[in-house]
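Q: First the structure, which I've put down as structure tokens, then a few questions once you've had a look.
Here, each number is a calculation from the coordinates, and none is a lab measurement. All figures in this text were calculated on a predicted structure; none of them were measured in a lab. Neighbour counts run over all protein chains shown; Cβ positions are idealised from the backbone, glycine included.
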Amino acid sequence: MYRTGIITLSDKGSQSLRVDESGPLIQTMLETVGGFEVVKTTILPDDVDTIKTALMAWADNDKLDLILTTGGTGFSQRDWTPEATIAVCDRLTPGIPEAMRYYSLQITPKAMLSRSAAGIRGKTLIVNLPGSPKAVKENLEAILPALDHGMKMLLSCGSAECAQPLK
């Protein structure tokens with residue numbers, strides 16, 4: 001089981017002025033596919049320093065295997081989630097947001113407007129998902145088939161072998 005945290009980024013949500021639908025949807029989808037234990041959830045305002053602090057604490061102190069964020073990936077003046085994620089990651093994983101955008105582009109041209117990022121901090125994978133439930137569902141559908149393999153590689157300390165042996 002991958003210890004997972006879900007952070008919803010929303011100024012209104014953090015003030016209880018909007019109901020968070022995306023965070024619970026992420027949890028439901030992870031529970032349906034199996035292998036993920038959601039151990040932490042929170043709703044934070046769209047503030048870059050607050051986001052960075054939470055990501056670092058959950059990765060470094062709580063030792064979560066996976067952190068999924070939802071919200072803050074668009075063009076709004078308060079959308080700083082990708083910048084916060086990039087700032088705290090040791091290594092970026094550009095294929096993840098590329099796959100999400102590619103998958104979603106088959107559904108809507110608006111997918112190209114997503115600024116989602118993903119990366120690794122220590123042994124924690126951090127992935128930004130959009131804020132709308134529809135986009136969350138599409139983006140998770142795009143990455144879930146490969147996520148288990150990536151998590152195994154990340155957590156194996158380099159001992160996992162992903163290439164097929166020569167015959």
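Q: Being without any contact (Cβ under 8 Å) to a residue 60 or more places away in the chain, of a type in the set (A, V, I, L, M, F, W, C), in contact with a Gly (Cβ under 7 Å, 6 or more places away or on another chain) and farther than 15 Å from GLY74 by Cα narrows it down to one residue among LEU92, LEU113; which is it?
A: Details: LEU113 fails: farther than 15 Å from GLY74 by Cα.
Among LEU92, LEU113, only LEU92 is without any contact (Cβ under 8 Å) to a residue 60 or more places away in the chain, of a type in the set (A, V, I, L, M, F, W, C), in contact with a Gly (Cβ under 7 Å, 6 or more places away or on another chain) and farther than 15 Å from GLY74 by Cα.
Q: Considering the range 104-136 alone, what residues qualify as being buried (at least 16 other Cβ atoms within 10 Å of the Cβ) and in a helix (DSSP H, G or I)?
A: Matches in the range 104-136: SER104, ALA111, PRO133, ALA135, VAL136.
Q: Do any helices (runs of 4 or more DSSP H) entirely within the range 1-85 hold 3 or more residues that are closer than 19 Å to ARG115 by Cα and in contact with a helix residue (DSSP H, G or I) (Cβ under 7 Å, 6 or more places away or on another chain), and if so, which?
A: Details: elements: 11-14, 22-33, 48-56.
The helices (runs of 4 or more DSSP H) meeting that bar are 48-56.
Q: Name the pairs: first residue in the range 17-34 and free of Cβ contacts under 8 Å to residues at least 24 places away in the same chain, second residue charged (D, E, K, R), Cβ to Cβ under 6 Å, at least 6 apart or on different chains?
A: ARG18/LYS12
Q: Sticking with this one: Output the residues belonging to the range 68-86 that are touching a strand residue (DSSP E or B) at 6+ places or on another chain (Cβ under 7 Å) and surrounded by 24 or more Cβ atoms within 10 Å (Cβ to Cβ).
A: Once the filter is applied, which keeps residues that are touching a strand residue (DSSP E or B) at 6+ places or on another chain (Cβ under 7 Å) and surrounded by 24 or more Cβ atoms within 10 Å (Cβ to Cβ), the range 68-86 yields LEU68, THR69, THR70, GLY71, GLY72, THR73, THR81, THR85.
Q: Hey, another quick one. Please tell me if TRP58 is without any contact (Cβ under 8 Å) to a residue 40 or more places away in the chain and buried (at least 19 other Cβ atoms within 10 Å of the Cβ).
A: On the way: without any contact (Cβ under 8 Å) to a residue 40 or more places away in the chain: no; buried (at least 19 other Cβ atoms within 10 Å of the Cβ): yes.
So TRP58 does not fit the description; no.
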